[in-house]
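Take a look at the structure below.
Each value in this text was obtained by applying a stated rule to the coordinates, not by laboratory testing. Small disclaimer: the values here were computed from a predicted structure and weren't measured. Every residue, glycine among them, receives a Cβ derived from its backbone with ideal geometry; neighbour counts consider all protein chains shown.
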Amino acid sequence: MEIDDIKKLIAFDESRTLELKKTTGELKDGMHSACAFLNTEGGWLIFGVAPKSLKIIGQEVTDKTQQEIAQALAGLEPAVDVRVAYVDVPEYPRNRVIAMHFDGWVWGERPHTFHGCPYYKVESTTKVMPQDMYDERIRAHQPQLYAWERLAADGVTLADLNENLIRNCIRRGIDGGRIPESALYEPTGDILSKWKLLKNGVPTNGAVLLFSSNIDEYPQFTLRMARFVGTNKNMFRDNQRAEGNFFQLLDAGVAFCFKHLSLSGRITNHSLEREEHLEVPYHALREALINALCHRHWERYNLTISLAIYDDRIEIASPGTFPPQITPENIKEPHESYPHNLKVAEALYRMTYLENWGSGARRIMDACQTQGVETPTWSSDGDFVTITFKRPDFKSDIIENDKEDKKITEEGKYPLNTPQAPPKHPLSTPQVELLIQKMEDSYMTMRNMADVCDIKDLKYFRERYITPALQEGLIERLYPNQPKHPKQQYRLTEVAKEWLTNKVK
């Protein structure tokens, strides 16, 4: 290294990757910067240059100077192999500039400390690393020791998990070609052990998140949902709170979107069937909810995921932060996946709830572009990651066809007041409406009906779909006098068929 190299390095003043010190009398402060470089993007630490004037003076270098530098570098943990360059200064023959380069931090590496304290760079300033950031990097370095999802759940046994739900998810993975058929005949404990969702025979927090029906000790297993009036939070017309495992929260979020978003339809040129679309694509919203649930920082028990629908937009906010490699801008580009909850993500991939890792944002944007809807934006405030969809039907005062404000319009749109129909509006909930649209003309089992509606929790499906549809006379049983018949099936009634016919017209 020559003096011209030093001149090039200091030409643009101090920055995020350059720290200048006049002499090694500032060696301790210099090591703070060295630690910060190691924890950020790397950089040069140079002694012998005046920071303000950028004048290259150098300093006398003795054996003691070199020993002090070596001793200071030894205070960095983990240890680093740094080549120290001593560059002669032509204007001062007895002086030399001391230059050291430090490589930047890479995801998965242990964060560096100097004498036990971690530092990092904020622009050109060296700061003590926040505890949350340090903990995040420790988790990334040794996830098997620190990840919330891998900790054994306190007071939970296999009996507390919903075995039917686990079996249904296994069947889904088999159908998707990601789980071998032999898994159907294995004990659920063996399956969960293979998926690293058991620790010494005890379900992990990740297993509880996915499959437990007992969530009393998990206040963070909550989804807040609100339909606000206008474009701010001053007033709401619907405010709900769902509690449950991963799949129950997902179903609740999807149902809330169906309740409050416009559903439009048209007959396409290639089909005589009416194609129904939510104003914002269903698959985009569902993918966003899955990502919010999968990548949430569940250890933050005092925060909750929120789904907020305004007149002009939809916001889904999940507690957590972007991985260091991901920003609100580059998330739209092809990127690797850095799941915060690795074992939960792996299980969801096996069950076909997740596709190729790192492709979620791309699929959300593709769904929006296919439907001609503006692609969403992502943002982060340090506590929450938020995805925002713009509502395409937005007008200055109101959303057309909003189901809460347009009940009269909706009743006129669906001519159900016929002699065959009951006096009450048959499609009393969005869930029932979806069920009627998805069912075939022939008899179907409850499992098949749940599958076409993309619902995995059969108890939830029975309560929210089957029971109200039966009460409204929209579906009928194959064995009406034996509700619990082992071969029970259901089909659409004439009332439901007439509603479908009128809807297509």
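What ratio of Cα Rg to 2.2 N^0.38 Å holds for the chain?
Taking N as the residue count of the chain, the ratio is 1.28.
Which net charge results for the neighbourhood of SER380, defined as the other residues with beta-carbon distances under 15 angstrom from its beta-carbon, given Lys and Arg at +1 and Asp and Glu at -1? Spell out each step's value before the answer.
Working: positive: ARG296, ARG300, LYS332; negative: ASP132, GLU136, GLU315, GLU329, ASP381, ASP383.
Around SER380, the surrounding residues sum to -3.
Please give the FRET efficiency for ASN164 paired with ILE138, using the beta carbon to beta carbon distance and R0 = 45 Å, rounded to the nearest 0.05. Before the final figure, lay out the partial values.
Numbers: r = 38 Å, r/R0 = 0.84.
For R0 = 45 Å, the calculated efficiency reads 0.75.
Hey, what did the chain get for relative contact order, percent, Cα under 8 Å, at least 6 apart? Walk me through the intermediate numbers first.
Details: 836 pairs, mean separation 50.5, N = 505.
Dividing the mean separation by the residue count of the chain yields 10 percent.
At 7 Å along Cα-to-Cβ for each site, give me the label-to-label distance between ASN234 and ARG83 in nm.
So the two model labels end up 6.5 nm from each other.
By the scheme Lys and Arg +1, Asp and Glu -1, what is the net charge of all other residues having a beta-carbon under 14 Å from that of ALA317?
Value of the local net charge: +2.
Grab the other residues whose beta carbon is less than 11 angstrom from that of ARG362, score K and R as +1, D and E as -1, and report the net.
-2
Quick one: of LYS199/LYS487; LYS233/LYS332; LYS332/LYS497, which pairs are farther than 32 Å apart, Cα to Cα?
On the way: LYS199/LYS487 38 Å; LYS233/LYS332 28 Å; LYS332/LYS497 43 Å.
In this structure, LYS199/LYS487; LYS332/LYS497 lie more than 32 Å apart at Cα.
Return the equivalent ellipsoid semi-axes of the range 60-106 as a descending list in whole Å, where each equals the square root of 5 times an eigenvalue of the C-alpha gyration tensor. Numbers along the way, then the final one.
Numbers: eigenvalues 119, 38, 6 Å².
Values for the range 60-106, descending: 24, 14, 5 Å.
Quote the relative contact order of the range 148-207 in percent (integer), defining contacts as alpha-carbon pairs under 8 Å separated by 6+ residues.
About 55 percent, as a whole number.
Determine the gain in length on full extension of the stretch SER124-THR445; use 0.36 nm per residue of separation and subtract their C-alpha separation, reporting nm with one decimal.
Stretched fully, the SER124-THR445 segment lengthens by 109.1 nm.
Normalised by the residues of the range 3-129, what does the relative contact order come to in percent, with Cα pairs under 8 Å and at least six apart?
In percent, rounded to a whole number, it is 32.
Where in the range 50-97 are there GluC sites (Glu not before Pro) that are in a DSSP coil and have at most 14 other Cβ atoms within 10 angstrom of their Cβ?
Numbers: sites: GLU60, GLU68, GLU91; in loops: GLU60, GLU91.
Those that pass, being in a loop and sparsely packed, are GLU60, GLU91.
List the residues whose amide H sits under 5 Å from the amide H of ASP238, counting only those 5 or more places along or on another chain, with H placed 1.01 Å from N in the peptide plane.
ARG227
Enter the angle in degrees (range 0 to 90, nearest 10) between the Cα long axis of helix 131-141 and the first principal axis of the Cα atoms of the chain, meaning the one along which they spread out most.
80 degrees
With the cut-off at 30 Å, tell me which of the pairs LYS259/LYS459; LYS196/LYS438; LYS438/LYS484; LYS52/LYS121 have Cα atoms farther apart than that.
Going by Cα-Cα distance, LYS196/LYS438 fall outside the 30 Å limit.
At 7 Å along Cα-to-Cβ for each site, give me the label-to-label distance between GLU494 and TYR146 in nm.
6.8 nm
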